[in-house]
Amino acid sequence: MSSSSSEKRVMVLAMDQTENSQYALEWALDHFFTPFGSDAPFDLVIVYAKPFPSVPIGTVAGPTPVAIGPEIFPAVDLELKLVADQVTEKAKQICTSKSVHGALVEIVEGDARNVLCDAVDRHRASLLVLGSRGYGAIKRVVLGSVSDHCTHHAHCSVMIVKKPKSKK
């Protein structure tokens, strides 16, 4: 891959609805974009991984069993689209508030681990930035860690931005 001196490197930043990812975006903007103005060292691509609707077909147990099936998918999908729109609007607002313009914001459906690694490849990113959820070892094993997966599978450097714990 050859590049001219005028081409900027690409930073892919993972965004979701958590405070940790918003903090990671603000931190990245404060350190890599705002101080440099139009001479920022990266082009920014913000990626939101929209989950697939995953409602089990069958009966939901409870005081009154509720039958669910394919007819609920449109409602679930609509809710997921609303969340995706809120996340991407928040990302755009944060960029604007930091005087960062021209960021590409993408919504890609799928598992965040695969979506982010694919985005790195598609944009030929040199850096992937993620917020840290702060899960302990057991939760990471049970739930799976997006950042752990990306550090092992993304074809670029990975930066995990940890939000400082608030003082009580």
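The values are calculated or read from the model by the stated rules, or taken from the named source; none is laboratory data. Bear in mind the structure is a predicted one, so any value in this text is a computation, not a measurement. When we count neighbours, we look across all protein chains shown, and the Cβ atoms used for this are built from the backbone with ideal geometry, even at glycine.
Computed values, structure above
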{"item": "Selection from the stretch 85-99 of residues that are of a type in the set (K, R) and touching a residue at least 60 places away in the same chain (Cβ under 8 Å)", "result": "K90, K98"}
{"item": "Residue count, the stretch 8-19 (criterion: surrounded by 19 or more Cβ atoms within 10 Å (Cβ to Cβ) and either closer than 19 Å to D111 by Cα or touching a Gly at 6+ places or on another chain (Cβ under 9 Å) (or both))", "result": "5"}
{"item": "Number of positions in the stretch 21-39 that are surrounded by 18 or more Cβ atoms within 10 Å (Cβ to Cβ) and touching a Gly at 6+ places or on another chain (Cβ under 9 Å)", "result": "4"}
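To keep it simple, each residue is scored yes or no on (1) crowded, with 16+ Cβ neighbours inside 10 Å; (2) among the small types (G, A, S); (3) modelled with pLDDT under 95.
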| site | (1), (2), (3) |
| --- | --- |
| K92 | no, no, no |
| V100 | yes, no, no |
| L104 | no, no, no |
| C117 | yes, no, no |
| V129 | yes, no, no |
| R133 | yes, no, yes |
| V141 | no, no, yes |
| M159 | yes, no, no |
| S166 | no, yes, yes |
